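Trainee: Below is a structure I'd like to ask you about.
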Amino acid sequence: MFADGLLAGKRILITGGGTGLGAAMAERFAGLGASLVLCGRREEVLRETGERIAAATGARVDAIRCDIRDPADVDALFDAAWAGGPVDSLVNNAGAIFVARSEHLSHRAFDAVLATSLHGSIYCTLAAGKRWIAAGRPGSVLSILSTAAITGRGFTVPTVVSKTGVLAMTKSLAVEWASKRIRLVAIAPGTIPTAGFMAKVAAGREGEPEAPGDNTLERPGRPDELADLATYLLSPAADYINGEMVVLDGGRHLRNSGVEDLLKRSDAEWEAQRARR
């Protein structure tokens, strides 16, 4: 689909890069010539993913443990990443979610989600931006959001608030930083089954995580489809795309918000969900 070496010479930092969608994007970028910085809180997972991708693609992959909820940790991450060469693109992929009735969530649960999904993305974006601006370098930021930023969604309110906030940041900084040759874009994926999704969101459901009738294309998305779109948005072909969120959900958000099945859950099903957290 893409020309060999499309991302050659690019250095891309991916938060939450050790598993799931982050790892899928990392593998695609590396296969097209990019060098990578993978960050996350689980050092062993990052190292294993980095070694696997490096062996498969020959790319340079640096794995750096970082808690993006801590701005000091984020600054240390970018200092370490820059020591290996300037970062050209940031992918805000790390996130957190609780599927629960909102009135049962504590303030700590809200804070935990916002700290990763909203504050962490802001800290990383500002850390990258200030370095690009100081060095007079162009850059790009891709944030992985959710169709809930369009529709809203019950039972995942902290995550929806976070993703909507990152969308606002994307649009605002796209204006502020455009003259400095820094682009900000986002992807709003629908249901893309990963191990993390199945454990946190689809736990307790029977069969497919998304009923065929829920989606106009009658199937969930695939990690490689997200990786392809992310590749395009970070490539030179997308240099004129700025401040936009591209929806990748097969048209599902045009039919429903994805919460309708949760409205029918019994108290017993909610208690079972809570016990699995």
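The numbers here are math on the coordinates, done by the rules we state, and not lab data. All figures in this text were calculated on a predicted structure; none of them were measured in a lab. All Cβ positions, glycine included, derive from the backbone under ideal geometry; neighbour counts span all protein chains shown.
Trainee: Would you work out which of G221, A174, L248 lies farthest towards the positive end of the dipole of the range 11-275? Charges go on Cβ: Lys and Arg +1, Asp and Glu -1.
Mentor: Checked the options; the winner is A174.
Trainee: List the GluC sites (Glu not before Pro) in the range 1-60 that DSSP assigns to loop (not H, G, I, E or B) and whose Cβ has at most 13 other Cβ atoms within 10 Å. Which are they?
Mentor: none
Trainee: With each run of n ≥ 4 DSSP H residues scored as -39500 (n - 2.57), what mean residue ellipticity at 222 nm is computed for the chain after dividing by its residue count and rounding to the nearest 500 deg cm²/dmol?
Mentor: -12500 deg cm²/dmol
Trainee: If you build the convex hull over the alpha carbons only and average its shadow over all orientations, what do you get for the range 104-176? Give it in nm² to one decimal.
Mentor: Over every viewing direction, the Cα hull of the range 104-176 projects on average to 5.2 nm².
Trainee: Based on the alpha carbon coordinates of the range 72-128, what radius of gyration and maximum Cα-Cα distance (Dmax) apply, in Å?
Mentor: Cα-based Rg and Dmax for the range 72-128 come out at 14.5, 47 Å.
Trainee: Please report the orientation-averaged projected area of the range 47-190, defined via the convex hull of its C-alpha atoms, in nm².
Mentor: Directional mean of the projected Cα hull area for the range 47-190 stands at 9.7 nm².
Trainee: Here's another thing I want to ask about it. Determine, at each q value in 0.12 (inverse angstroms), the log₁₀ of I(q)/I(0) that the Debye formula gives when each Cα of the chain is one equal point scatterer.
Mentor: The computed values of log10 I(q)/I(0) come out as -0.72.
Trainee: Which of the cysteines in the chain are isolated, no other cysteine C-beta under 4.7 Å?
Mentor: C124
Trainee: When ranked by the protection proxy of mean other Cβ atoms within 10 Å per residue, highest first, what sequence do the peptides 171-181, 243-253, 99-109 form?
Mentor: 243-253, 171-181, 99-109
Trainee: At 0.36 nm per residue, and after removing the present C-alpha to C-alpha distance, how many nm does the segment from D75 to Y232 gain when stretched out fully?
Mentor: Stretched out fully, the D75 to Y232 stretch lengthens by 53.7 nm.
Trainee: Shifting gears a bit: Given labels modelled 7 Å from the Cα in the Cβ direction, how far is it in nm from A83 to R42?
Mentor: 2.6
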